[in-house]
There are 2 protein chains.
Amino acid sequence: MTLQNRVTIKDIAKATQLSVATVSRILHKKGQHSSVTVKRVTETANKMGYVRNTSAADLVNQKSRIVAVIVSNTKSNFSEHIIDAIESKAASDDLNVFILHAGNRDEQSQLKAIKTVIERAVMGIILVSLELDDNVLTTLNSTSIPSICLSTSVKDTAIPFVTSDNYQMGYAATQLMIDKGHTKIAIAGIPTAGSINQRIAGYLQCMSDHHLRVEPDWIQYGTCTYDDGEKTWQVYAKKREITCAICASDLTAIGMLNAITEMGLKVPDDISLVSFDGTDIVDMVRPRITSISQSFYEMGLAGIKFLTDGRTIQKQYLPFKIVERESTRRLEK
Amino acid sequence: MTLQNRVTIKDIAKATQLSVATVSRILHKKGQHSSVTVKRVTETANKMGYVRNTSAADLVNQKSRIVAVIVSNTKSNFSEHIIDAIESKAASDDLNVFILHAGNRDEQSQLKAIKTVIERAVMGIILVSLELDDNVLTTLNSTSIPSICLSTSVKDTAIPFVTSDNYQMGYAATQLMIDKGHTKIAIAGIPTAGSINQRIAGYLQCMSDHHLRVEPDWIQYGTCTYDDGEKTWQVYAKKREITCAICASDLTAIGMLNAITEMGLKVPDDISLVSFDGTDIVDMVRPRITSISQSFYEMGLAGIKFLTDGRTIQKQYLPFKIVERESTRRLEK
DNA sequence: GTTCCTTCTGTAAACGTTTACAATACCTTT
DNA sequence: AAAGGTATTGTAAACGTTTACAGAAGGAAC
């Protein structure tokens with residue numbers, strides 16, 4: 001059987017001696033029909049192996065029951081929690097979820113993904129962990145398809161977002177370590193641009209609020225990867241000033257942990273480590289990593305609810321939790 | 001602007017005083033047209049913010065340029081390598097990749113995902129790490145859309161697959177440890193059903209080939225999770241017979257590693273650990289986990305190539321590599 | 001017997017695109 | 001001047017579905 005001769009409602013109409021209208025109505029439970037006809041139609045549909053041609057249906061309906069989730073393809077491990085939430089709510093609303101990948105700062109691949117889904121008249125677009133430039137934002141605004149950003153904020157007022165407050169998280173991580181007696185605190189692996197960069201602003205503000213000096217070397221940029229952690233430690237190791245590093249992601253913290261251990265030093269005895277995210281992996285390494293844990297599941301839920309239950313939120317910051325584990329210690333003077 | 005009045009080629013035709021046919025041809029670079037007309041059309045298309053209605057196009061073309069990847073939603077971390085490969089080849093062939101999730105042994109969610117994509121006339125379906133029951137197989141066979149299974153084998157001869165030879169991997173893992181002097185070798189976390197279960201057959205055969213006894217307790221089933229590793233160690237710890245455990249996945253090995261450490265024992269001094277998969281994470285924990293590493297990227301590549309470059313493969317077993325790291329030691333008698 | 005419901009089914013247009021075929025205009029060749 | 005070719009554009013049908021509207025058949029009320 002080729003695609004060309006898939007069974008259509010026309011075939012079923014012919015087989016049952018009915019009109020296509022009747023068949024269509026019965027197959028979608030619209031209008032009223034005698035029970036014998038209903039039975040006859042559904043049975044022949046099954047027997048003939050009918051599958052709906054969604055392209056045709058979408059064409060006349062001008063919409064589809066698909067939610068598109070476009071996810072950054074950079075190796076971050078938190079998006080699965082967001083997706084989990086989206087899929088579970090979508091399933092109960094009988095929606096389908098299509099996941100696409102795009103480069104975090106790659107305009108071309110973002111545009112391609114967005115074009116692909118708006119061409120198909122999806123009912124909504126959820127953008128996860130993507131920093132969008134102006135070009136992408138105008139494309140998004142030029143369509144009437146609702147979209148929302150998760151885990152990034154966006155200046156454009158037309159696009160709502162749900163994320164954690166990166167500034168506050170940066171501040172909280174710093175405050176936590178200051179409370180534990182640290183004064184020489186570094187921050188590692190944060191990207192130079194995008195809303196996530198606000199973590200550095202929070203860090204700087206907190207340090208300044210406590211009249212603590214910040215050496216330029218202490219701020220090391222990156223892309224939240226494992227490698228960033230390993231490499232940044234090589235920089236920190238040169239002077240051996242710092243007693244604590246705040247890491248851009250769980251993976252960055254683990255990379256640094258391993259680099260530190262490699263050098264014969266110990267976490268948290270010699271260096272304390274805090275990470276952002278707080279995914280499962282922080283409990284898999286030893287010592288377990290103290291983290292600023294984000295509410296990823298709630299983030300996904302907020303995103304899909306925005307698309308299904310009406311469009312109220314415009315900007316929303318979700319709470320984060322400070323979870324102390326084994327990678328941080330109190331510094332005795 | 002609502003979806004209802006999106007710009008169509010009809011609108012462009014009106015604006016440019018041309019026929020829809022000409023507009024359509026120019027927008028898809030078919031046929032020849034005067035350069036001025038081409039310019040006029042493309043410019044107005046841009047100006048008016050035209051986006052193609054793929055539903056309409058798919059409807060007449062009877063196909064789409066979409067590859068559907070249906071992935072098991074169980075927490076396994078190797079699928080990203082498979083998807084990476086699929087996406088990179090798809091990008092160079094100008095195809096779009098839609099990823100859907102389905103339960104590993106959940107017939108309903110599998111059927112739903114498959115129905116969703118065949119209704120949209122995708123050009124191919126790649127099933128990753130999914131054990132398919134008969135119902136799903138018949139649905140797959142009833143359509144003319146080509147499909148292929150990755151990381152699982154399937155009895156049905158109509159559906160091709162690419163995977164690692166689980167029997168041989170089970171045998172190889174066991175042989176490795178026997179070569180290192182171990183005789184009391186356990187195997188943990190393997191599912192009771194599905195092709196992956198063949199790892200146990202390989203293990204048993206290897207033990208038997210070396211005239212080694214296997215206690216029933218040594219074989220502990222599971223679902224390749226981190227928790228399986230933790231829990232299974234509680235079982236093994238009761239008798240403290242074994243000197244080595246072969247773990248169903250990297251995560252299972254790490255779970256066991258942590259449980260072992262928790263008890264004050266050491267890997268590999270007290271217990272050696274081997275895992276299947278060999279994803280990035282085996283190098284992130286200490287000690288690094290010795291693994292039977294599968295060729296996931298090549299698996300993804302083989303899957304997408306099957307769909308694009310012609311359909312030659314029917315069944316293919318990809319090579320695996322034994323990578324010794326720090327979680328295994330030679331046992332001196 | 002007329003009118004009015006109700007219940008069921010059919011007719012036909014519409015969705016936006018693609019493409020085979022026809023048509024036109026203009027240019028070359030004879 | 002006729003014939004043939006080429007370059008460009010238009011006409012119209014087709015894809016499979018949905019749905020407003022019309023129609024038919026039967027029953028109930030007067």
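Things to note:
- Pair A:Glu332, B:Ile322: separation of 7 Å Cα→Cβ label points (nm): 5.0 nm
- Derived scalar couplings ³J(HN,Hα) [segment B:112-124; Karplus, 6.51 cos²θ - 1.76 cosθ + 1.60; whole Hz; x for Gly, Pro]: 4, 5, 5, 4, 3, 7, 6, 4, 9, 6, 4, 7, x
- Residues whose placed amide H lies under 5 Å from that of B:Ser147, excluding near-sequence neighbours: B:Ile125
- Checking the Cα-Cα distances for B:Lys10/B:Lys63; A:Lys47/B:Lys115; A:Lys238/A:Lys266 against a 19 Å cut-off, the pairs over it are B:Lys10/B:Lys63.
- A helix-only calculation puts chain A at -13000 deg cm²/dmol for mean residue ellipticity at 222 nm, using -39500 (n - 2.57) for each DSSP H run of at least four residues, averaged over all residues.
- With the simple spin-label model, which puts each label point 7 Å out from Cα in the Cβ direction, the A:Met263 to B:Gln32 separation comes to 6.9 nm.
- Cα gyration tensor, segment A:187-248 - rounded (a/c under 1.5), prolate or oblate: oblate
- Residue list for segment A:91-106, given a label point 7 angstrom along the Cα-to-Cβ vector of A:Lys155 and an amide N cut-off under 18 Å: A:105-106
- With Cα atoms, 0 to 90° folded angle of helix A:226-239 axis to chain A main axis: 10 degrees
- Around the Cα centre of segment A:256-333, unit charges on the Cβ atoms of Lys, Arg, Asp and Glu (plus for the first two, minus for the last two) sum to a dipole of about 260 debye.
- Close amide-amide hydrogen proximity is noted between A:Cys244 and A:Ala186, A:Ser272, each under 5 Å apart and 5 or more residues distant or on a separate chain (H modeled in the peptide plane; Pro and chain starts excluded).
- Chain-alone versus full-assembly comparison, segment B:221-250, residues with accessible loss of at least 10 Å² (1.4 Å probe): B:Tyr226
- Positive contributions from Lys and Arg (+1) and negative ones from Asp and Glu (-1), summed over other residues with Cβ under 10 Å from the Cβ of A:Asp270, come out at +2.
- Global geometry of segment B:166-293, whether rounded, prolate or oblate, following the gyration tensor of its Cα atoms and the 1.5 cut on a/c: rounded
- Anisotropy class of chain B from Cα gyration tensor, a/c 1.5 cut: prolate
- Here B:Val60 and A:Asn77 are evaluated by their C-beta separation; at R0 = 56 Å the FRET efficiency comes out at 0.85.
- Positions from segment B:120-137 whose accessible area shrinks by 40 Å² or more when the full protein complex is built, not the chain alone, probe 1.4 Å: B:Arg120
- Given R0 = 25 Å, the distance between the Cβ atoms of B:Met48 and A:Asn141 translates into a calculated FRET efficiency of 0.95.
- Qualifying GluC sites (Glu not before Pro) in segment B:224-333, DSSP loop, other Cβ atoms within 10 Å at most 11: B:Glu241, B:Glu332
- Sites B:Lys39 and A:Val235, calculated FRET efficiency, Cβ-Cβ separation with R0 56 Å, nearest 0.05: 0.60
- Summed over both chains, the accessible area lost when A and B associate is about 4500 Å², using a 1.4 Å probe.
- Close amide H pairs (under 5 Å, H built 1.01 Å from N) link A:Val97 with A:Val67, residues at least 5 positions away or on another chain.
The values are calculated or read from the model by the stated rules, or taken from the named source; none is laboratory data. Predicted model only: the values in this text are computed from it and were never measured. Heads up, the Cβs are rebuilt from the backbone with ideal geometry, glycines too, and the neighbour counts pull from every protein chain shown. For the accessible areas, the whole protein counts, side chains as well, though only heavy atoms, and no ligand, DNA or RNA atoms are used. Shrake-Rupley method; radii C 1.70, N 1.55, O 1.52, S 1.80 Å.
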